[in-house]
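Heads up: the structure comes next, in structure tokens.
The values are calculated or read from the model by the stated rules, or taken from the named source; none is laboratory data. All figures in this text were calculated on a predicted structure; none of them were measured in a lab. Neighbour counts are summed over all protein chains in view; Cβ atoms, including those assigned to glycine, are modelled from backbone coordinates with ideal geometry.
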Amino acid sequence: MNELLNTLRALRAPDGCPWDIKQTHESLRPHLIEEAAEAVEALGQPNESHRVEELGDVLLHVAFHAVIAEERDAWNFSDVEHAIVAKLIRRHPHVFGDVQVDGEEGVKRNWEAIKAAERRERGEDRDPDAFPPDLPALSRARALAKRQPDRADDALQAAANGSGDTAVLLDAMVALTGRLKDLGVDAEVGLRDHVGERLREASKEGA
């Protein structure tokens, strides 16, 4: 990791790369979203070297933000590492403590309870079902489907009956994200993989 951090420090030095020097936390936000999406895509494919490359791009952004922060003595990569290790230990008391859980569902319930307690300790009043606004729309729709299940299901039925109303059709899409979640399928990842497969089929048919 030090090799990557030192490379970025060199790129950010006064005699480094003009593009890297001018980057900020804010300017890098869309690039991180793009790289994360490409990593998700790569993880769905069997090419191991491509997975390594795309995960490296995500790691690059973590290191990039750490170097930017350390330049103003705000925090550094070690702080990021220590924070996530502490969080993992705190949220897995059934592994690192003496808490007993009832299988995977028990782990999930305990995880959510610990998260809620952490938010209360920080004085946060954030909706626990909310998703960051920069997440893909389908990922955010999962939270909405959970909050308004009746409306989503009504819209799904209306769409099946041939409704041409845009709002109804969009609500039906929200409902589908909830249905997929119940099946253990993430709508964003599932649709990405499904569309990729269909495009490959279409390409073969058109060849």
Among the helices (runs of 4 or more DSSP H) confined wholly to the stretch 98-199, which include 1 or more residues that are more than 23 Å from residue 33 (Cα to Cα) and modelled with pLDDT of 85 or more?
103-121, 149-160, 166-182
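Each row is one residue, and each column tells you yes or no for (1) touching a helix residue (DSSP H, G or I) at 6+ places or on another chain (Cβ under 7 Å); (2) assigned to a helix (DSSP H, G or I); (3) among the polar types (S, T, N, Q); (4) at pLDDT 95 or above.
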| position | (1), (2), (3), (4) |
| --- | --- |
| 7 | no, yes, yes, yes |
| 15 | no, no, no, yes |
| 26 | no, yes, no, yes |
| 32 | yes, yes, no, no |
| 37 | no, yes, no, no |
| 40 | yes, yes, no, no |
| 56 | no, yes, no, yes |
| 64 | yes, yes, no, yes |
If residue 75 satisfies all but one of (1) touching an Asp or Glu at 6+ places or on another chain (Cβ under 9 Å); (2) outside any helix (DSSP H, G or I), what's the number of the condition it fails?
(1)
As an exercise: evaluate residue 161 against (1) over 30 Å from residue 45 (Cβ atoms); (2) out of contact with any helix residue (DSSP H, G or I) (no Cβ under 9 Å at 6 or more places or on another chain); (3) surrounded by 13 or more Cβ atoms within 10 Å (Cβ to Cβ) and give the number of the one condition it does not meet.
(3)
In the list 68, 84, 89, which residue meets the criterion of being among the β-branched types (Val, Ile, Thr), in contact with a His (Cβ under 9 Å, 6 or more places away or on another chain) and modelled with pLDDT of 95 or more?
68
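Tally up the residues in the stretch 11-20 that are exposed (fewer than 12 other Cβ atoms within 10 Å of the Cβ) and either closer than 15 Å to residue 70 by Cα or in contact (Cβ under 8 Å) with a residue 40 or more places away in the chain (or both), please.
Selection size over the stretch 11-20: 1.
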Could you grab me the full set of residues in the stretch 21-37 that are surrounded by 16 or more Cβ atoms within 10 Å (Cβ to Cβ) and charged (D, E, K, R)?
35
